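**Q** Take this structure, written in structure tokens, and hold onto it; I'll ask about it next.
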């Protein structure tokens, strides 16, 4: 069997990602997170008299609490692998990556395990977020004073 | 109406990210980092505030909101206290997300065990 034939065979045999279904699921789950977020924000504004901006902050807090807790009790990994970007792109994905990294490396100790690995996945979001925000503020200051 | 807009916006962003994830070699890490940077860029052009005004929590639940908060807090810091303000203020709004996720994940990690 030649190399080309072999690769063709591998391509045929490997399971196909159901791209259309993935996209639809991501849309529905991701949309539900946004919808639910808006519901929570309205509850916070109407029942607790919070300003809209503060409600957004509490919403982030609530989503992070939910996502870290669900990950810690082992219920979130399954959901993320099914919903994929529907749960990865919202703040829940950020919380999930930190919680699962911390749990995975718990066995290596408090410092060399949890401490060294807690930002293993989420670190790049923080790094590139801060660097890009910093550069953009500099650009803004240079351009507009 | 805001509920529908929130659903549509966050759903669409997740859909686009899923299509990119399935059709390129990028990992979820690449995509979340890029979405954060795009959030900061949209904030730079004054677009992200308009999106939040249009669809409310639909835009703030996404990780792009992290980039938006970093940029807008840093800019507010500059306007208030000059160059030092950029450094003092950048994490002020996004601090909620960072501090809560660190505290919760640490406490839960001490309590629970990894399941495999």
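Yes/no per residue for (1) crowded, with 23+ Cβ neighbours inside 10 Å; (2) within 7 Å of chain A (Cβ to nearest Cβ); (3) over 23 Å from residue A:41 (Cα atoms); (4) in contact (Cβ under 8 Å) with a residue 24 or more places away in the chain:
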site	(1), (2), (3), (4)
B:16	no, no, yes, no
B:20	no, no, yes, no
B:24	no, no, yes, no
B:39	yes, no, no, yes
B:45	no, no, yes, no
B:50	no, no, no, no
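**Q** Which residue is farthest from the other protein chains (Cβ to nearest Cβ), if the candidates are limited to the range A:17-61 and must be surrounded by fewer than 15 Cβ atoms within 10 Å (Cβ to Cβ) and not in a helix (DSSP H, G or I)?
**A** Selected residue: A:49.
**Q** Count, please, the residues in the range A:62-120 that happen to be more than 7 Å from chain B (Cβ to nearest Cβ) and either touching a residue at least 40 places away in the same chain (Cβ under 8 Å) or assigned to a loop (DSSP other than H, G, I, E, B) (or both).
**A** Taking the range A:62-120 and keeping what is more than 7 Å from chain B (Cβ to nearest Cβ), we get A:62, A:66-67, A:70-71, A:75-83, A:87, A:92, A:96-97, A:100-101, A:105, A:107-113, A:115-117, A:119-120.
Checking the rest, the ones that are also either touching a residue at least 40 places away in the same chain (Cβ under 8 Å) or assigned to a loop (DSSP other than H, G, I, E, B) (or both) come to A:75, A:82-83, A:87, A:92, A:105, A:109, A:119-120.
Looking only at that region, the number is 9.
**Q** Looking at (1) farther than 19 Å from residue A:31 by Cα; (2) surrounded by fewer than 17 Cβ atoms within 10 Å (Cβ to Cβ), can you tell me which one residue A:117 breaks?
**A** The number of the failed condition is (2).
**Q** Right, here's the next one. Looking at the range A:124-143, can you tell me whether even one residue there is outside any helix (DSSP H, G or I), within 27 Å of residue A:66 (Cα to Cα) and under 21 Å from the mean Cα position of the chain (by Cα)? Spell out how you get there, then give the answer.
**A** Start the filter on the range A:124-143 by keeping residues that are outside any helix (DSSP H, G or I), which leaves none.
No - not one qualifying residue is present in the range A:124-143.
**Q** Can you tell me which condition residue B:28 does not meet? The list is (1) under 13 Å from the mean Cα position of the chain (by Cα); (2) facing chain A (nearest Cβ under 8 Å), and all the others hold.
**A** Tallying (1) under 13 Å from the mean Cα position of the chain (by Cα); (2) facing chain A (nearest Cβ under 8 Å), residue B:28 fails exactly one: (1).
None of the figures in this text is laboratory data; all of them are computed from the coordinates on show. What you are looking at is a predicted structure, and each value in this text was computed from that prediction instead of being measured. Here Cβ is always computed from backbone atoms with ideal geometry, including for glycine, and neighbour counts include all displayed protein chains.
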